[in-house]
Amino acid sequence: MKNAIKLIIDIVMGAVVPIIILERFSGPDGLGAVPAYVFAAFVPLAWVLIDLFIVTKKFNFITSYVGFSSVVSGILAFWFVDGLLYAIKDTVGLLLRVLVFGGSVLIARPILKYFFIQALNPDTAEKSTALTHLFDDRSVERSFVQATWLVVIETALAAAFNFYLNLRFVLAPFGTEQFNQQVAYVNAITRVVLTLPSVITFAFAMWIMYRAVYRHLPSEEGKSQLESDFWELVKQREASRSAQGADYSAEA
């Protein structure tokens, strides 16, 4: 229930409120075009920082990445441009994800591996060591690469579509009510059209990694692997390999 409420708040603060501000408060009887534009861009950034430092207080790999992306978007909000430059500016966040994720693969550090580790939450040194041993397998490492490339491809396509929409529909000069309304219109499209494929892609990428990992875990009698506790299976694997005299130091 708490996760559902948190998701709803994220959507409202990240998409709904900024669109309402741009649509309803950009005229001379509201905040004015430029203040409304800046305020609409500030709301998602403020919510991310409040969530990070006050609400959840979770500082990890994933939240750091989200926070960094939000700060970049907030800074770019003060780059007052229109036309082609605005289309580029509004696509920078997606291009940044392409560079970060794609670059991580090129330097042999696929970033989804660290997202995956964060999701598993190895909260003891023993669990972290067990994961390191498990991830040493080439097929598991390959799954991290495949999953990360999948996100890179989806993000690149999203960036191209986002760029096209802004170039096609955001035509008014910056600092006008019409400009803000056109930005709101594009945002209303992209928050739905781009978010859904992104969520599906991330979910599929996680499934690729989980599938590769579970292939190297034992099964408990009378249970499917998904019915068993993940860390219990990892513990059994470690015990089995130790019993067989596995030389982890040699593998490392």
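Every test in (1) farther than 20 Å from Tyr185 by Cβ; (2) out of contact with any helix residue (DSSP H, G or I) (no Cβ under 8 Å at 6 or more places or on another chain) is passed by Val38 save one, and that test is (1). The helices (runs of 4 or more DSSP H) falling completely within the stretch 67-154 that include 3 or more residues that are more than 14 Å from the chain's Cα centre (by Cα) and surrounded by fewer than 16 Cβ atoms within 10 Å (Cβ to Cβ) map to 83-106, 125-135. The residue that is surrounded by the most Cβ atoms within 10 Å (Cβ to Cβ), counting only those in the stretch 28-56 that are touching an Asp or Glu at 6+ places or on another chain (Cβ under 9 Å) and in a loop (DSSP other than H, G, I, E, B), is Gly32.
Could you list all residues from the stretch 188-232 that are surrounded by 13 or more Cβ atoms within 10 Å (Cβ to Cβ), part of a helix (DSSP H, G or I) and of a type in the set (Gly, Ala, Ser)?
Ala188, Ser198, Ala205, Ala212
Taking every residue in the stretch 69-98 that is at negative phi and among the small types (Gly, Ala, Ser) and pairing it with any residue that is part of a helix (DSSP H, G or I) and loosely packed, with under 13 Cβ neighbours inside 10 Å, at least 6 positions away or on another chain, yields no pair with a Cβ-Cβ distance below 7 Å. Restricting attention to the stretch 81-107, the residues that are small (Gly, Ala, Ser) and within 30 Å of Leu226 (Cβ to Cβ) total 1. Scanning the stretch 27-58 for residues that are over 24 Å from the mean Cα position of the chain (by Cα) and either aliphatic (A, V, I, L, M) or at pLDDT 90 or above (or both) yields Leu31, Gly32, Ala33, Val34, Pro35, Ala36, Tyr37. Here is the figure for the stretch 162-187: residues that are farther than 22 Å from Leu112 by Cβ and assigned to a helix (DSSP H, G or I) total 18.
Put simply, of Pro197, Pro218, Pro173 the only residue that is under 26 Å from Leu94 (Cβ atoms) and either more than 28 Å from the chain's Cα centre (by Cα) or at pLDDT below 90 (or both) is Pro173. Within the stretch 167-176, is there a residue that is under 30 Å from Ile111 (Cβ atoms) and either in contact with a His (Cβ under 8 Å, 6 or more places away or on another chain) or crowded, with 18+ Cβ neighbours inside 10 Å (or both)? No, the stretch 167-176 contains no residue that is under 30 Å from Ile111 (Cβ atoms) and either in contact with a His (Cβ under 8 Å, 6 or more places away or on another chain) or crowded, with 18+ Cβ neighbours inside 10 Å (or both).
The values are calculated or read from the model by the stated rules, or taken from the named source; none is laboratory data. Owing to the predicted nature of the structure, the values given are computational and were not obtained by experimental measurement. We place every Cβ from the backbone using ideal geometry, glycine too, and count neighbours over all the protein chains shown.
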